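First the structure, in the form of structure tokens, and then the observations on it.
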Amino acid sequence: MRILIVDDSNEYRRYLRRILLEQEDLFLEGEATDGEAGILLARQLRPDVILMDIHLPGMDGLDATRRIKEQLARTAVIILSNDEAYHDAAADWGADAFLSKHSSISEILAAIRRVQPVQAGCPSGLVDSERKCERGAPHFHF
């Protein structure tokens, strides 16, 4: 899967980059430090998954998520934040998953692999292991 990171913390981007580069099935396509740049890169790269921070300079990660999902519905967005108060808002703005930035490496990788590219008529989080749409399953996993 092709991944885009959108986070203004150099340290956290470096941490995610290191995790992704160690995985044979995950490919880091690009990085952005703010919401606007994240939207532009998402349009250009069309990644399978975006790892999105909420607190970004300029446009925040929730607004960037909404705009990306309007244009690239097949791209999954995983919100990474230490602020649990945004958990429900993230779902409302179109995020496919929410993780704490304190999540373990295995939790981050599991979330990335769990959100699958969208099939026609099936939200990304509802595609089962046989690539069939699981009707009635909850859309927001975290």
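Could you look through the range 1-31, keep only residues that are assigned to a helix (DSSP H, G or I) and not basic (Lys, Arg), and pick out the one that is nearest to residue 101 (Cα to Cα)? Lay out the reasoning, then the answer.
Let us first name the residues in the range 1-31 that are assigned to a helix (DSSP H, G or I), namely 10-21.
With not basic (Lys, Arg) added as a condition, the list becomes 10-12, 15-16, 19-21.
Values: 10: 14, 11: 12, 12: 9, 15: 11, 16: 10, 19: 13, 20: 15, 21: 18 Å.
Selected residue: 12.
Within the range 32-100, considering only helices (runs of 4 or more DSSP H) that don't extend past its boundaries, which have at least 1 residues that are buried (at least 24 other Cβ atoms within 10 Å of the Cβ), modelled with pLDDT of 95 or more and within 13 Å of the chain's Cα centre (by Cα)?
Values: elements: 35-45, 61-71, 87-92.
Because the criterion is at least 1 residues that are buried (at least 24 other Cβ atoms within 10 Å of the Cβ), modelled with pLDDT of 95 or more and within 13 Å of the chain's Cα centre (by Cα), the helices (runs of 4 or more DSSP H) in the range 32-100 that meet it are 35-45, 61-71.
So which residues in the range 105-123 are in contact with an Asp or Glu (Cβ under 6 Å, 6 or more places away or on another chain) and either exposed (fewer than 14 other Cβ atoms within 10 Å of the Cβ) or at pLDDT 95 or above (or both), if there are any at all? Full working, then the answer.
Here is the first cut: in the range 105-123, the ones in contact with an Asp or Glu (Cβ under 6 Å, 6 or more places away or on another chain) are 115, 117.
Selection gives nothing.
How do the pairs read when you match residues in the range 32-48 that are within 18 Å of residue 16 (Cα to Cα) with residues anywhere that are aromatic (Phe, Trp, Tyr), using Cβ under 7 Å and keeping only pairs 6 or more apart or on different chains?
Final answer for the pair search is none.
Can you name every residue in the range 2-27 that is touching a strand residue (DSSP E or B) at 6+ places or on another chain (Cβ under 7 Å), free of Cβ contacts under 8 Å to residues at least 40 places away in the same chain and surrounded by fewer than 18 Cβ atoms within 10 Å (Cβ to Cβ)?
17, 21, 27
Could you please find all residues in the range 62-118 being within 20 Å of residue 40 (Cβ to Cβ) and polar (S, T, N, Q)?
Listed by number, the residues that qualify are 65, 71, 75.
Kindly establish whether residue 53 is within 18 Å of residue 17 (Cβ to Cβ), of a type outside the set (A, V, I, L, M, F, W, C), touching a Lys or Arg at 6+ places or on another chain (Cβ under 6 Å) and in contact (Cβ under 8 Å) with a residue 12 or more places away in the chain. Talk me through it step by step, then tell me what you get.
Working: within 18 Å of residue 17 (Cβ to Cβ): yes; of a type outside the set (A, V, I, L, M, F, W, C): yes; touching a Lys or Arg at 6+ places or on another chain (Cβ under 6 Å): no; in contact (Cβ under 8 Å) with a residue 12 or more places away in the chain: yes.
No, not satisfied.
The values are calculated or read from the model by the stated rules, or taken from the named source; none is laboratory data. These numbers come from a predicted model, not from an experiment. A quick note on method: Cβ atoms are made from the backbone with ideal geometry, for glycine too, and the neighbour counts reach across all protein chains shown.
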